[in-house]
Amino acid sequence: MNAILAVAYMLPDNGASKQPDHQKSWLLLKNALEAVNELYLGPPDLRGLQGLLVMVVLFMAASAARPCSFLISVAIHISDQLGLGTTEDISIFTEEEKQERQTVFWLAYCLDREISFRFGEPPVQNDEAISAALPLDAPNCLVYSMPTNDRAGTFSAFASACKLAQIRGEIYQRLYSASATDRPFHQILASVGELDRKLQAWKDSLPSEFQPESPTLFHSPPVSLILLHMHHTYHNCMIAIHSLIAARGINSAQDLSDHPGYTIYPDSLSNPRVLLSASLTSKAARASIGLMKYLPKDDISLGLTMYFPTVALRTLASSIVRNPRDTGQIYNMRILDQAEAFLSSTCSSTTSEGMKRLVKNCAEFRSLAERAMKECV
């Protein structure tokens, strides 16, 4: 109850006032935190697990890595005790209870992968310990079910979001985990190609009108925050997959042959898109920055979303710093200028600390990119 009220006071026009009440929200969140030890040491409770996930969302919106990591580890521990990720002994539950348990499990799974990606922490939930299948139906909540133009029935954004979370976990494990740091470069190249192929297959599995970069997706309000988050996540995955290659300045097969210590293996180049990593990261960054016009207004959604344009802005600035003489960087520099102007004008009409941090980050990245371009003249 305290966690839910903490969320309510963070929302604008919450019934008590027109503006979020951060002080009351924090006091209620502190009250909720006092129950964490009891939840961890006591008998596993599904309602308590849901409360923990709400607290995880609040701390993630504040970019608080340590509380997020601690709370999600407690949540996954309780989820395992309840057997939510397995198919054993589920016959004793009603269909409604099965649906609820499945929804809570996959929400915890997605948050675990989100925290892992954002803060560079290993995920808590082990994929090998999961026997539950991906959800086929959306939870009993209208925000996840969307009517489609090219398919009968509705599109379950929840199932697609869970599949994308699985891909994110694989990206971290194969490219950014401790075990991946010492892998030979040709293995990294092969992994990048395979992960890119999986991500494109995920994109192609969506109805055409809901796919990232669809020209008509957000033209008619209201904007779906679920789809907005999925699109940001897709572009973020593209950046994460291809950045390891782009950072090495590889843009052609000739660059690969010139790479010190690199031996060409056929499977390393099975996906030719690995030779386009630099342009693909920049394209994904520009697309993510383009979604900033749909930034949510409330502090919680904004806090959750601003991670994505921050990564995109840094990626675009890094591309300029690495290769400032490339004529294409003039366009990227213009995108950074426009982003800073847009964010500055938006920030003037909001009290959100998250927006102010985003504006500051954008200004810093743009300044670094501008300096690199001036020095190369």
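Laid out as a table, the results:
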{"item": "Least to most buried among I241, I335 (fewest other Cβ within 10 Å first)", "result": "I335, I241"}
{"item": "Added length on full extension, which subtracts the Cα-Cα distance from 0.36 nm per residue, N31 to L269", "result": "80.3 nm"}
{"item": "Among [x] 34, 24, 20; [y] 40, 29, 23; [z] 35, 27, 20, the entry derived from the coordinates for semi-axes √(5λ) of the Cα gyration tensor in Å", "result": "[z]"}
{"item": "R0 of 56 Å, Cβ-Cβ distance T87-E375: FRET efficiency to nearest 0.05", "result": "0.40"}
{"item": "Relative exposure of V104, V36, judged by other C-beta atoms within 10 Å (fewest first)", "result": "V36, V104"}
{"item": "The stretch 297-377 - charge dipole about Cα centre, Lys and Arg +1 at Cβ, Asp and Glu -1, debye rounded to 20", "result": "180 debye"}
{"item": "Pairwise FRET efficiency - V223 versus R357, Cβ, R0 = 22 Å, nearest 0.05", "result": "0.50"}
{"item": "Efficiency of FRET between Q338 and R197 - r from beta-carbon atoms, R0 35 angstrom, step 0.05", "result": "0.60"}
{"item": "Selection from V74, P44, V321 lying farthest towards where the dipole of the chain points positive, charges on Cβ", "result": "V321"}
{"item": "Prolate/oblate/rounded label for the stretch 1-160 (Cα gyration tensor, a/c 1.5)", "result": "oblate"}
{"item": "Cα-based reach from K24 at 18 Å (exclusive), listing aspartates and glutamates while leaving out same-chain residues under 8 positions away", "result": "D13, E34, D298, D299, E353"}
{"item": "Mean ellipticity per residue at 222 nm, deg cm²/dmol - from DSSP H runs of n ≥ 4 across the chain, formula -39500 (n - 2.57)", "result": "-20000 deg cm²/dmol"}
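Every number in this text was worked out from the coordinates using simple rules, so none of it is lab data. Everything numeric here is computed off the predicted structure, so don't read it as measured data. Please note: Cβ atoms are built from the backbone with ideal geometry, for glycine as well, and neighbour counts cover all protein chains shown.
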